[in-house]
1. Can you give me the number of residues within the stretch 13-45 that are small (G, A, S) and loosely packed, with under 13 Cβ neighbours inside 10 Å?
2. Consider the stretch 61-104. How many of its residues are of a type in the set (D, E) and over 23 Å from A48 (Cβ atoms)?
3. How many residues, within the stretch 51-83, are open to solvent by less than 50 Å² (accessible area, probe 1.4 Å) and touching a helix residue (DSSP H, G or I) at 6+ places or on another chain (Cβ under 8 Å)?
4. At pLDDT 95 or above and touching a Phe, Trp or Tyr at 6+ places or on another chain (Cβ under 9 Å), is that true of L38?
5. With the requirement that a residue be in contact (Cβ under 8 Å) with a residue 24 or more places away in the chain and under 15 Å from D10 (Cβ atoms), what does the stretch 59-95 give you?
6. Condition check: closer than 20 Å to K101 by Cβ, at pLDDT 95 or above and either touching a helix residue (DSSP H, G or I) at 6+ places or on another chain (Cβ under 8 Å) or among the polar types (S, T, N, Q) (or both). Does A22 satisfy that?
7. Determine if the stretch 84-92 includes at least one residue that is surrounded by fewer than 17 Cβ atoms within 10 Å (Cβ to Cβ), of a type in the set (S, T, N, Q) and over 17 Å from T7 (Cβ atoms).
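The values are calculated or read from the model by the stated rules, or taken from the named source; none is laboratory data. Since this is a predicted model, take the numbers as computed values, not measurements. All Cβ positions, glycine included, derive from the backbone under ideal geometry; neighbour counts span all protein chains shown. Accessible surface areas use protein heavy atoms only, side chains included; no ligands, DNA or RNA. Shrake-Rupley method; radii C 1.70, N 1.55, O 1.52, S 1.80 Å.
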Amino acid sequence: MNIRFATPTDVPTVLRFIRDLADYEREADKVVATEELLQEALFATPPAAEALIAERDGQPIGMALFFHNFSTWTGWRGLYLEDLYVTPEARGTGAGTALLKRLA
């Protein structure tokens with residue numbers, strides 16, 4: 001399994017995973033994100049968010065979409081995991097755990 005940062009060519013896959021997750025949560029009608037909006041959010045300078053892609057045999061099987069935050073009380077940087085998604089056929093293979101370990 002390979003975990004890597006998303007590239008601009010991954011935007012359609014990221015959007016597909018977002019839609020699949022929303023469908024799983026019975027909220028498919030709530031997704032208004034577009035490839036253009038994701039492209040801008042993930043690859044602006046600085047980016048609003050970032051994404052990791054999990055691959056097996058060169059095929060994307062999951063993602064973690066996250067952004068950085070900061071606590072004024074502690075003075076520490078943090079990370080907020082917005083979405084973690086693994087395709088149904090890849091669940092139970094360790095992809096989710098691998099994504100979380102990479103984030104940690």
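1. Looking only at that region, the number is 2.
2. Total satisfying the criteria: 1.
3. Result for the stretch 51-83: 12.
4. No: the conditions fail for L38.
5. Within the stretch 59-95, P60, I61, G62, M63, A64, L65, F66, D83, Y85, T87 meet the criteria.
6. Details: closer than 20 Å to K101 by Cβ: no; at pLDDT 95 or above: yes; either touching a helix residue (DSSP H, G or I) at 6+ places or on another chain (Cβ under 8 Å) or among the polar types (S, T, N, Q) (or both): yes.
So A22 does not fit the description; no.
7. If we filter the stretch 84-92 for residues that are surrounded by fewer than 17 Cβ atoms within 10 Å (Cβ to Cβ), which is where we start, we get 88-89, 91-92.
Narrowing the set further to residues that are of a type in the set (S, T, N, Q) leaves none.
Scanning the stretch 84-92, I find no residue that is surrounded by fewer than 17 Cβ atoms within 10 Å (Cβ to Cβ), of a type in the set (S, T, N, Q) and over 17 Å from T7 (Cβ atoms), so the answer is no.
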